[in-house]
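Since the structure comes first, as structure tokens, the remarks are kept for the end.
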Amino acid sequence: MNDIARLFEVCKAAPPVTYFRELECPQCHATYDPTVLQNTCVCGGPLLAKYDLDSFKKEFDPALWTQRPKGLWRYWELLPVNSVENAVTLGEGGTPVLKMCEIGKMYGLNNLYIKDEGLNPTGTFKARGAAVGVSKAKELGAKVLAMPTAGNAGAAWAAYAARSKLRMVVAMPQDAPLVTQAECLAYGADTYLVEGLISDAGKFVSKLVAERGWFQVATLKEPYRIEGKKTMGLEIFQDFKGKLPAAIIYPTGGGVGLIGMWKGFLELKEAGLIEGDLPKMVVCQAEGCSPIVRAFLEGKDRAEFFEGASTIAAGIRVPSALGDFLILDAVRSSGGTAVSVTDEEILETWKEVSKREGMLICPEGAAAVRAAKIIRERGLVGPDDPVLVLNTGAGSKYTELLHEKAKMAEGF
């Protein structure tokens, strides 16, 4: 009996049943068989998991979610794994929502909150996508998983692959944080350092996958990472007792977390669990790598490759996102916006949050906190509106950057 099976046994509950039914391309609406390994649609679009929400609405009592221990797998019914014996966990999910009183005062926001994903296994929200992605890959018979990474996703997938006894291959830019390089190696992943950006690492992995038949698990190149990230939205629904924040700010690279949260909110809405308004979804990017912001401001449905991408926030240094059209649709459909911040603003906010709130968040999270100031100044939210920022990782994973910038950012 594995950890997840024990979880449901402790709850004295029958084995849970998923309402997952099929995979669908959001571009051309072709459907795919979920019982075999799938990557992307023949049209090139990503595949999304679809659920029988009518049956879920009729048959499932959501009170069961609160009766289970906190964590990602409490939402089994809206996750794609069929058997608890295939699910792997390291204790991911169930992260806290904390009020940012001092920063909120500075920004004129009386109800500013942060969801601290840095408390997940491997120190980032990437653990959510890895937990579900690795579990489903294992269930469908994959043996070797391969992906490009900016660092943190590779570490998370390497950890969960190790726990599942699967082989993991990762490729990352040569300047990826040393701590994430070390993590991947420690978990036993075949680790390649590639000159250039994550897009170059992606080309490297695609070549290996084509040559060796490994299963490609890059961002939105497989359907299930997004389902793990979706649980951030399901937790937020419960964290705020069904009345969602006015706005949610997400530091955006590949954007899977934002896409996943929005997908989760729409599923809950269709199932009749959300009656009020959905949150305004806000993209935050670094000024030195802001393809989604540029596309949003130009009124485009797709983002162009961002040349010369550069920022201290490595997790959002993604010059091209496969799910760009899904990100932009979520932002526009929700009445949200997209903003960029400078590296100097990221450093300043990083310092302020540490000193005033006692939280050493990641640079990407600091960017999102700074974006709260921007959307308040622009009038997207009022002073009493609840605003939630996603901190995607632990600041302790960025010790090199902390040391490097110590003299520049007085107070660190």
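The values are calculated or read from the model by the stated rules, or taken from the named source; none is laboratory data. These numbers were taken from a predicted model, which means no experiment stands behind them. Cβ coordinates were reconstructed from backbone atoms using ideal geometry, including for glycine residues, and neighbour counts include every protein chain displayed.
Got a number for residues in the stretch 248-261 being closer than 17 Å to Ala371 by Cβ and either of a type outside the set (S, T, N, Q) or in a helix (DSSP H, G or I) (or both)? Please lay out each step first, then the result.
First, the residues of the stretch 248-261 that are closer than 17 Å to Ala371 by Cβ: 248-253, 255, 257-258, 261.
Adding the requirement that they be either of a type outside the set (S, T, N, Q) or in a helix (DSSP H, G or I) (or both) leaves 248-251, 253, 255, 257-258, 261.
Total satisfying the criteria: 9.
Take the stretch 29-52 and flag every residue that is in contact (Cβ under 8 Å) with a residue 60 or more places away in the chain and more than 23 Å from the chain's Cα centre (by Cα).
Within the stretch 29-52, Thr35, Val36 qualify.
Provide a single number: the residues in the stretch 67-110 that are over 30 Å from Pro383 (Cα atoms), in a loop (DSSP other than H, G, I, E, B) and not polar (S, T, N, Q).
Adding up the residues that qualify gives 12.
Can you name the residue in the stretch 204-243 that is within 23 Å of the chain's Cα centre (by Cα) and on the phi > 0 side of the Ramachandran plot and is also surrounded by the fewest Cβ atoms within 10 Å (Cβ to Cβ) among such residues?
Restricting to residues being within 23 Å of the chain's Cα centre (by Cα) and on the phi > 0 side of the Ramachandran plot, the top hit is Lys241.
For (1) outside any loop (DSSP other than H, G, I, E, B); (2) of a type outside the set (D, E, K, R), each residue gets a yes or a no:
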position	(1), (2)
Ile4	yes, yes
Pro16	no, yes
Lys57	yes, no
Trp65	yes, yes
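With the checklist (1) free of Cβ contacts under 8 Å to residues at least 60 places away in the same chain; (2) outside any loop (DSSP other than H, G, I, E, B) in hand, flag the one item Asp277 doesn't pass.
Only one criterion in (1) free of Cβ contacts under 8 Å to residues at least 60 places away in the same chain; (2) outside any loop (DSSP other than H, G, I, E, B) is unmet by Asp277, namely (2).
For the stretch 115-122, state whether one or more residues are over 22 Å from the mean Cα position of the chain (by Cα), among the basic types (Lys, Arg), farther than 18 Å from Asn2 by Cβ and at pLDDT 95 or above.
Going through the stretch 115-122, the residues over 22 Å from the mean Cα position of the chain (by Cα) turn out to be none.
Looking for residues that are over 22 Å from the mean Cα position of the chain (by Cα), among the basic types (Lys, Arg), farther than 18 Å from Asn2 by Cβ and at pLDDT 95 or above, one finds none in the stretch 115-122, hence no.
Checking the structure you have, find out if any residue of the stretch 59-79 is small (Gly, Ala, Ser), out of contact with any Leu (no Cβ under 7 Å at 6 or more places or on another chain), surrounded by fewer than 22 Cβ atoms within 10 Å (Cβ to Cβ) and not assigned by TED's automatic domain parsing to the domain that holds Leu258.
Looking for residues that are small (Gly, Ala, Ser), out of contact with any Leu (no Cβ under 7 Å at 6 or more places or on another chain), surrounded by fewer than 22 Cβ atoms within 10 Å (Cβ to Cβ) and not assigned by TED's automatic domain parsing to the domain that holds Leu258, one finds at least one in the stretch 59-79, hence yes.
Let me spell it out: the conditions are (1) farther than 27 Å from Cys289 by Cα; (2) touching a residue at least 60 places away in the same chain (Cβ under 8 Å), and Lys105 meets all of them except one. Which number is the exception?
Of (1) farther than 27 Å from Cys289 by Cα; (2) touching a residue at least 60 places away in the same chain (Cβ under 8 Å), only one is false for Lys105: (2).
I'd like to verify a number: residues in the stretch 152-203 that are outside any strand (DSSP E or B), among the β-branched types (Val, Ile, Thr) and surrounded by fewer than 24 Cβ atoms within 10 Å (Cβ to Cβ), how many?
So the count comes out to 1.
Check the stretch 288-297 and report whether any residue there is within 24 Å of Thr180 (Cα to Cα), modelled with pLDDT of 95 or more and out of contact with any strand residue (DSSP E or B) (no Cβ under 6 Å at 6 or more places or on another chain).
yes
Determine whether Leu244 is within 30 Å of Asn110 (Cβ to Cβ), part of a helix (DSSP H, G or I) and outside the structural domain of Pro62 (by TED's automatic domain parsing).
No, not satisfied.
Scanning for something in the same structural domain as Lys269 (by TED's automatic domain parsing) and without any contact (Cβ under 8 Å) to a residue 24 or more places away in the chain, does the stretch 221-239 turn up at least one residue?
Within the stretch 221-239 (the criterion being in the same structural domain as Lys269 (by TED's automatic domain parsing) and without any contact (Cβ under 8 Å) to a residue 24 or more places away in the chain), the answer is no, since none of the residues qualifies.
Residues checked against (1) basic (Lys, Arg); (2) out of contact with any Asp or Glu (no Cβ under 9 Å at 6 or more places or on another chain):
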{"residue": "Arg317", "(1), (2)": "yes, yes"}
{"residue": "Asp324", "(1), (2)": "no, no"}
{"residue": "Ala371", "(1), (2)": "no, yes"}
{"residue": "Leu388", "(1), (2)": "no, no"}
{"residue": "Asn391", "(1), (2)": "no, no"}
